[in-house]
Amino acid sequence: MVGPWVFYLEEIGGDDVGDLEYIQGFVTSGNYFQISGDIDAIGNTISFIVPSGKTAFLIEAKIIITGHTSGTTTKDMVEAELIIAGTTVDTTNIGTATNSAIVTSATDMMGGTGSGIGNIGDGRFNVLGISLVGNNSDTIEIENTLDDGTAFATFSGYLIDTV
């Protein structure tokens with residue numbers, strides 16, 4: 001077969017936008033939320049109550065270490081849970097642990113001669129596909145569940161009308 005060739009495109013659906021433009025629409029319409037705060041002790045939480053008539057979708061959730069303890073044995077670690085309507089859906093931890101020698105004299109050392117340090121976790125929760133239909137009482141929360149340091153928690157998402 002020889003030309004002329006005629007090609008056409010049929011548009012199906014709406015415009016394709018990037019992630020930031022997609023989120024921008026929720027920000028400008030007032031349907032974006034971001035909750036942040038310190039979770040420095042076991043049981044500390046940050047939370048968001050999803051309003052009735054809305055469904056919340058998470059974009060991201062994480063914890064970060066904000067303070068460091070001092071001493072010969074140091075644990076700067078925090079473990080936290082992501083809780084949706086009272087059910088734990090993911091856990092994460094972040095931090096480091098060190099153990100150094102205690103020198104009591106030039107010839108007497110207690111606790112070994114070295115120290116170790118290791119990164120534990122990445123502090124991020126898996127939020128892919130997590131949503132909550134609002135009823136003015138169920139919450140999205142991050143709770144400190146194991147504390148050997150100080151931490152800051154944050155999560156963000158957007159709301160759509162519940163259908």
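The values are calculated or read from the model by the stated rules, or taken from the named source; none is laboratory data. Remember, it's a predicted structure, so these values are computed and weren't measured experimentally. Note that we place each Cβ from the backbone using ideal geometry, even for glycine, and neighbour counts take in every protein chain shown.
Among the residues of region 20-55, count how many are without any contact (Cβ under 8 Å) to a residue 60 or more places away in the chain and part of a helix (DSSP H, G or I).
Result for region 20-55: 7.
How many residues, within region 12-28, are modelled with pLDDT of 85 or more and surrounded by 10 or more Cβ atoms within 10 Å (Cβ to Cβ)?
7
Assess whether ILE83 counts as being in contact with a strand residue (DSSP E or B) (Cβ under 7 Å, 6 or more places away or on another chain), assigned to a strand (DSSP E or B), modelled with pLDDT under 95 and under 19 Å from ASP147 (Cβ atoms).
Spelling it out, it is not the case that ILE83 is in contact with a strand residue (DSSP E or B) (Cβ under 7 Å, 6 or more places away or on another chain), assigned to a strand (DSSP E or B), modelled with pLDDT under 95 and under 19 Å from ASP147 (Cβ atoms).
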